[in-house]
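J.: Before I ask anything, let me first share the structure, which is written out below as structure tokens.
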């Protein structure tokens, strides 16, 4: 009986070691990036706002934004729930970058439900700052207040809660 238990135990250990951790455990959630054409169509069909991010493979701050901002769980969750996220390599899709007047990278655009541009933000964006920007646009607060007013209201809410 002990021999069967030992053999079973060793078999289980062997199986667990044979498979990579990513198969055994759920992978970390990622932003659901779309291509430009697919994303614009999804924005129009789903009547959701769009998040359009331009990058290139050689861009240092694009890589930092990819590794810091786009791996933040709050950003991933908020984008996946509330926006259609589009990622465009500005070097490979120069016509799209030119359409938006992209001159420096990274460059981020926020798109309305009818696929027209609402606003843009050049350069690297910290996760907390981007989350505030996303909330400002998603809640349509931009229609009746300035971004600085929105930030003040967010700070007041934090202070009241604490």
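The values are calculated or read from the model by the stated rules, or taken from the named source; none is laboratory data. Note that the coordinates shown come from a computational prediction; the quantities given were computed from them, not determined experimentally. With ideal geometry, Cβ positions are generated from the backbone for all residues, glycine too; neighbour counts draw on all protein chains shown.
J.: Quick one: which of 37, 45 is out of contact with any strand residue (DSSP E or B) (no Cβ under 8 Å at 6 or more places or on another chain), at pLDDT 65 or above and surrounded by fewer than 11 Cβ atoms within 10 Å (Cβ to Cβ)?
T.: 45
J.: Still on this structure, I have one more. Give the residues of the range 78-105 that are out of contact with any strand residue (DSSP E or B) (no Cβ under 9 Å at 6 or more places or on another chain), closer than 18 Å to residue 42 by Cβ and either touching a residue at least 40 places away in the same chain (Cβ under 8 Å) or in a loop (DSSP other than H, G, I, E, B) (or both), sorted by residue number.
T.: If the condition is that a residue be out of contact with any strand residue (DSSP E or B) (no Cβ under 9 Å at 6 or more places or on another chain), closer than 18 Å to residue 42 by Cβ and either touching a residue at least 40 places away in the same chain (Cβ under 8 Å) or in a loop (DSSP other than H, G, I, E, B) (or both), then 78, 80 are the ones that fit.
J.: Go through the range 106-119 and give me each residue that's within 21 Å of residue 41 (Cβ to Cβ) and surrounded by fewer than 19 Cβ atoms within 10 Å (Cβ to Cβ).
T.: 112, 113, 114, 115, 116, 117, 118 - these are the residues of the range 106-119 that are within 21 Å of residue 41 (Cβ to Cβ) and surrounded by fewer than 19 Cβ atoms within 10 Å (Cβ to Cβ).
J.: Give the number of residues within the range 103-118 that are more than 15 Å from the chain's Cα centre (by Cα) and farther than 22 Å from residue 59 by Cα.
T.: 7
J.: With the requirement that a residue be within 16 Å of residue 39 (Cβ to Cβ) and in contact with a helix residue (DSSP H, G or I) (Cβ under 8 Å, 6 or more places away or on another chain), what does the range 113-133 give you?
T.: Within the range 113-133, 113, 114, 115, 118 qualify.
J.: Please find, within the range 113-135, the residue that is nearest to residue 72 (Cα to Cα) out of those that are in contact (Cβ under 8 Å) with a residue 60 or more places away in the chain and in a helix (DSSP H, G or I).
T.: Filtering first and then ranking leaves 130.
J.: Determine whether residue 138 is surrounded by 13 or more Cβ atoms within 10 Å (Cβ to Cβ), free of Cβ contacts under 8 Å to residues at least 40 places away in the same chain and under 18 Å from the mean Cα position of the chain (by Cα).
T.: no
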